[in-house]
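A.B. asks: The structure under discussion is supplied below as structure tokens; questions concerning it will follow.
The values are calculated or read from the model by the stated rules, or taken from the named source; none is laboratory data. Quick caveat: nothing in here was measured; it's all calculated off a predicted structure. Counting neighbours? That spans all protein chains shown, and the Cβs are built from the backbone with ideal geometry, glycine included. Surface accessibility is based on the protein's heavy atoms, side chains included, excluding ligands, DNA and RNA. Shrake-Rupley method; radii C 1.70, N 1.55, O 1.52, S 1.80 Å.
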Amino acid sequence: METQADDTQARLAAYEGLPAAATGTGRDPVNLPMIRHWCEAMGDTSPAYRGPGAIAPPTMLQVWTMAGLSGHGHRSGPYDELLRLLDDLGCTSVVATDCEQEYLRPLRPGDTITFDTVIESVSGRKTTKLGTGHFVTTRTDIRADGVLAGTHRFRILKYAPARTPAPAPAPSPSPRRPRPVVNRDNAGFWRGVAEHRLLIQRCTGCGTLRHPWLPGCNACGCPGWDTVEASGEGTVHSYVVMHHPPFPAFDPPYAVALVQLAEGVRMVSNVVGVPYDKVRIGIPVRLEFESYDDELTLPVFRGVAP
């Protein structure tokens, strides 16, 4: 069985480095209408994306390569062969798992987009809650008028669906809250929370405050930043009451609010100290830090009923 598995992995690994799409061309040049639609959908009001000197939001990188409803006209033979091989191995289902982008230069209206995609890696057989299968990672190099503008890595899991659901875990007397995702861009925020300080990023170029934390300023593009500590005062800008579904370690119904901090930025957190049906837009709230176990402390906001 081990030899058979090794042979299968060798067949899959043979596709690494082969093209998944070659000499693709964006259906349209970078253009202001698409930028405007994107910004409206994302609620991004940065002046960098408007006017005669506008650039495209960097996170639109993949948008300019998408084929739309017409399908994948640029996809290569090797990539289709790889997917068919995985189908033959019983991995007939697919789910996207994550993507990673790197930006090398801004895209501007009028830029003509070309791209090439390579099959970067095919993992060994992995077991997940969905079933067993292989992770396939592709890397797309995106060029603007022939100059490399960015890269986009996209990972899927081709898997054989699990035939029976995994057994339910034994009930825990104290279910753990989900852990926040901590990465290099937001680690400073969580260090502040551990010290019972709510830190807001401040651009050292234009002074704009921002939350959540980002690697660069969304107002001027400057990568430099420092922090200011929030006073803890705020108001409820918007809120929802969570009734369903119930999750372990949560006790619905409870209120989740978008809090307008006194400093001008907004953040999402729980409202405590007020019955969920008494939370209203505009009520004042005050920052607190609540410890849920020995490892997890989160910022919450205590409200005052109107």
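A.B. asks: Quick test of your reading of the structure: P52 fulfils all but one of (1) assigned to a loop (DSSP other than H, G, I, E, B); (2) open to solvent by less than 60 Å² (accessible area, probe 1.4 Å). Name the failing condition by number.
C.D. replies: (2)
A.B. asks: Select, from V122, V94, the only residue that is modelled with pLDDT of 90 or more and open to solvent by 60 Å² or more (accessible area, probe 1.4 Å).
C.D. replies: Among V122, V94, only V94 is modelled with pLDDT of 90 or more and open to solvent by 60 Å² or more (accessible area, probe 1.4 Å).
A.B. asks: I need the full set of residues from the stretch 119-152 which are closer than 30 Å to P33 by Cα, out of contact with any Leu (no Cβ under 7 Å at 6 or more places or on another chain) and not in a loop (DSSP other than H, G, I, E, B), in order please.
C.D. replies: Across the stretch 119-152, the qualifying residues are T138, R139, T140, R143, V147, T151.
A.B. asks: Then there is this: Does T59 count as closer than 18 Å to P19 by Cα, surrounded by fewer than 19 Cβ atoms within 10 Å (Cβ to Cβ) and under 19 Å from the mean Cα position of the chain (by Cα)?
C.D. replies: When the stated conditions are applied, T59 does not pass them.
A.B. asks: Look at the stretch 206-233 and say how many of its residues are under 19 Å from V259 (Cβ atoms) and not in a loop (DSSP other than H, G, I, E, B).
C.D. replies: The total comes to 6.
A.B. asks: Consider only pairs whose beta carbons are under 7 Å apart and that are at least six residues apart or on different chains; among these, list those whose first residue lies in the stretch 122-142 and is more than 26 Å from A21 (Cβ to Cβ) and of a type in the set (S, T, Y) and whose second residue is open to solvent by 50 Å² or more (accessible area, probe 1.4 Å) and part of a loop (DSSP other than H, G, I, E, B).
C.D. replies: Hits for this filter: T132/R125.
A.B. asks: Also, I was wondering about something else. Which one of these does I35 not meet: (1) modelled with pLDDT under 90; (2) among the β-branched types (V, I, T); (3) open to solvent by less than 60 Å² (accessible area, probe 1.4 Å)?
C.D. replies: Failing condition for I35: (1).
A.B. asks: Here is a follow-up. Got a sec? Which strands (runs of 3 or more DSSP E) wholly within the stretch 248-292 have at least 1 residues that are of a type in the set (V, I, T) and more than 23 Å from the chain's Cα centre (by Cα)?
C.D. replies: 266-272, 284-291
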